[in-house]
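Trainee: Structure in structure tokens, see below.
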Amino acid sequence: MEAAGTDMRNIATGWEIPCEHYCDQPYVVITKENSWLCVMTTGAGVEGEHGQHVVSTLSSDQGRTWSRLADIEPADGPESSWVMPLIVPGGRIYAFYSYNKDNIRSITGGHFDGRPGERVINRVDTLGYMAFKYSDDHGRTWSKDRHYIPIRNFAIDRRNRHRGEVQYFWGVGKPVVHDGAVYIGFAKVGDFGPGFMAESEGAFLKSTNLLTEADPALISWETLPDGDVGLRAPEGLVADEHNPVGLGDGSLYCTYRTVEGHNAHAYSRDGGHTWTAPEHAVYSPGGRKLKHPRAANFVKRFSNGRYLLWYHNHGRDYKAEPWKAYYDRNPAWVSGGIEQDGHIHWSQPEILLYDDDPAVRMSYPDFIEQDGAYFATETQKTVARVHPIDASLLEGMWSQADNREAARAGLVLEYAADQQPGKLAVSLTGSFPEFPDLREGGGFSLDLWFTLASPDEGLIAADSMNEAGVGLRLCTGGNGTLRLELGDGRTGAYWSSDAGLLQPGSRHHVTVIVDGGPKVILFLIDGVLCDGGESRQFGWGRFNRDLRSVTSGCPLTAGGGPGLVVHALRLYNRALRTSEAVGNYQAGLAAL
């Protein structure tokens, strides 16, 4: 058991997976012996250096300990990278990966207008052949022979520097089984340049007999979609890391990354042959776009028919600065998905994992379900780990749309205007609980119903600030925002809700969550988590790690005048989950 008070979202609490130094894409299948087999790309150097190769390791205790690494491909051969595992009903385990079979040592990258390449690129792990080996002894050893999957050229291949005679590509994620067939998502690359992959689009390898055919020479493959063009970005040249999943109605759904500040998605209703026009992913059909940088955004379907999406919940248009699109992969966020009428509807997101250092980037997850428990893997490129997932976090997102109950755990103050008309004044001293120490992972949440009668700035919604600058203050800011100010007498912090969401004369609900684990401030306005909208990259803000308790000893007052009338207020001595805040909104004022 983990120690009481341990925040399992902190990646430092996870169980480490062995590697050589660099490590990427730690993906797991459960063997017929009920062990976990993890495959990954590793190497003694950094990403892309010679010696990069694919390996495997076994765990018999759900990821707590692991066997020594076993080579699928050796480190002294050509680059082998981006390995994706699949176990078939007979127990055979396949490992699919990119393989630099011809040992090409450099390529030129540049523009697409026929001019010579502008620079020599020595990184050669994203070209060659789609290869595979297999294991018939539950992952202990791998076949001596290596097999290759033919990939049909698209226009993007014929446009590359080798005119398609050498294919530039790579795949991430895991193959999926859908309607008796196997699908492997991957990205074709047209050229290399700023951001490394300067033009890319998605494709799929499909096999209808891999699940039953024992002879690798007789396995059939086709490259999808039909035609000469893959799944592209809605607005730009970069569309990477296509990740498909099968839906319950027989459709396929695919997410992938762009440099446009949003991930993209598409649906196929005919087994991958054709797809809907690529568009930025939305929470529900016709709804708000998800925000996401150039990072893995993986979708998983669990045995209950529900879905989970990993992404990073921020973004802007990075096309002019493609390298910056790789930044800010911490925290990792997830949304729960429910299938309705052939589409996935995504919940408001929750933080799944974080690191204390904002510069640490976690990505390329896998999700494992076994014996009713859920786990995630992730990598920071030099450390890969396994993390147990609190099932209640997932259940909360999957049931979020139907949640009409107000959260009670951690509730230390509840006020409604019909109980005490006029100004609220409750002492935070004496028997009233103090605010937790935010340095130690504590948190609190403020939940209000109010009517804004004036667009003025500085109208007080809640205030406990003393003359020494200790306490909290929630007040109106400019452009229809609420602003939270925090202070402990030594250190201060602030963050505002997204602009334009508060309308004078309208009743609104706000939940402000101060989470001392990842050190973030979240605003939900009328049940929707602020994500920055069109005006800013982030809708959630970080606060100083040295910020302590904001207990001031002053009364908490709410609604300081006719310009802002507070109808109800709840104060919690913990950080609510997003799903709980949504439940508070959907419960309405009648719950008070």
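Trainee: So for the chain, averaging the separation of alpha carbon pairs under 8 Å that are six or more residues apart and normalising by length, what relative contact order in percent results?
Mentor: Computed over the chain, the figure is 11 percent.
Trainee: Right, next: HN-Hα J couplings of region 201-217 from phi, Karplus 6.51/-1.76/1.60, θ = phi - 60°, integer Hz, Gly and Pro as x?
Mentor: Couplings: 7, x, 8, 9, 9, 10, 10, 9, 10, 4, 5, 10, 8, 8, 8, x, 5 Hz.
Trainee: Ranked highest first by average number of other Cβ atoms within 10 Å, how do 547-555, 160-168 line up?
Mentor: Ranked by mean Cβ neighbours within 10 Å, highest first: 547-555, 160-168.
Trainee: Largest first and in whole Å, what are the equivalent-ellipsoid semi-axes of the chain based on the Cα gyration tensor, each being the root of 5 times an eigenvalue?
Mentor: Whole-Å semi-axes of the equivalent ellipsoid: 47, 25, 22.
Trainee: Here's another thing I want to ask about it. Can you tell which of G372, P504, S200 lies farthest toward the positive end of the dipole of the chain, using +1 and -1 charges on the Cβ of basic and acidic side chains (Lys, Arg; Asp, Glu)?
Mentor: After comparing all options, I get S200.
Trainee: Could I ask something else about it? Taking every eigenvalue of the Cα gyration tensor of region 178-271, multiplying by 5 and rooting it, what semi-axes result, largest first, whole Å?
Mentor: Semi-axes from the Cα gyration tensor: 26, 16, 10 Å.
Trainee: Over region 515-592, average the accessible area per residue using a 1.4 Å probe and give it in Å², no decimals.
Mentor: Result: 32 Å² per residue.
Trainee: I'd like the FRET efficiency for N479 and D317, computed as 1/(1 + (r/R0)^6) with the beta carbon distance as r and R0 of 22 Å, rounded to 0.05.
Mentor: 0.55
Trainee: Relative contact order of region 33-158: what whole-number percent is it, with Cα pairs under 8 angstrom and at least 6 residues apart?
Mentor: So the answer I get is 20 percent.
Trainee: Further question: What nm value, rounded to one decimal, do you get for the distance between V412 and E440 when each label is placed 7 Å out toward the C-beta?
Mentor: 1.3 nm
Trainee: Over region 440-550, what is the relative contact order in percent, taking alpha-carbon pairs closer than 8 angstrom and at least six residues apart?
Mentor: 27 percent.
Trainee: Leaving out ligands and nucleic acids, and using a 1.4 Å probe, what accessible area per residue does region 216-300 come to in Å²?
Mentor: 30 Å²
Trainee: Further question on the same structure: Given a Förster distance of 35 angstrom, what is the FRET efficiency for T276 paired with T451, based on the Cβ-Cβ distance and rounded to 0.05?
Mentor: Efficiency for this residue pair is about 0.25.
Trainee: Ignoring ligands, DNA and RNA, what percent of the accessible area of the chain is carbon or sulfur (1.4 Å)?
Mentor: 48 percent
Trainee: Compare the Cα positions of Y256, S268, Y318 along the charge dipole of region 217-355 (+1 at Cβ of Lys, Arg; -1 at Cβ of Asp, Glu; about the Cα centre) and return the one farthest towards the positive end.
Mentor: Checked the options; the winner is Y318.
Trainee: Can you tell me which of 28-36, 345-353 comes out highest on packing, and rank the rest after it, using the mean Cβ neighbours within 10 Å?
Mentor: 345-353, 28-36
Trainee: What nm value, rounded to one decimal, do you get for the distance between N209 and N466 when each label is placed 7 Å out toward the C-beta?
Mentor: The modelled label-to-label distance comes out at 7.9 nm.
Trainee: Still on this structure, please answer the following. Set the bar at 32 Å for Cα to Cα. Now go through K133/K381; K32/K188; K144/K319; K101/K289; K101/K381 and name every pair that lies beyond it.
Mentor: Exceeds cut-off: K32/K188; K144/K319; K101/K289.
Trainee: Grab the Cα-Cα distance for D526 and A587, subtract it from 0.36 nm times how many residues apart they are, and report the gain in nm with one decimal.
Mentor: Between D526 and A587, full extension yields 20.8 nm more.
Trainee: Sort by residue number and name the cysteines in the chain that have no neighbouring cysteine Cβ under 4.7 Å.
Mentor: Flagged as lacking a Cys partner: C38, C254, C475, C530, C554.
The values are calculated or read from the model by the stated rules, or taken from the named source; none is laboratory data. No experiment lies behind these values; they were computed from the predicted model shown. Heads up, the Cβs are rebuilt from the backbone with ideal geometry, glycines too, and the neighbour counts pull from every protein chain shown. The accessibility values were calculated without ligands, DNA or RNA, using every heavy atom of the protein model including side chains. Shrake-Rupley method; radii C 1.70, N 1.55, O 1.52, S 1.80 Å.
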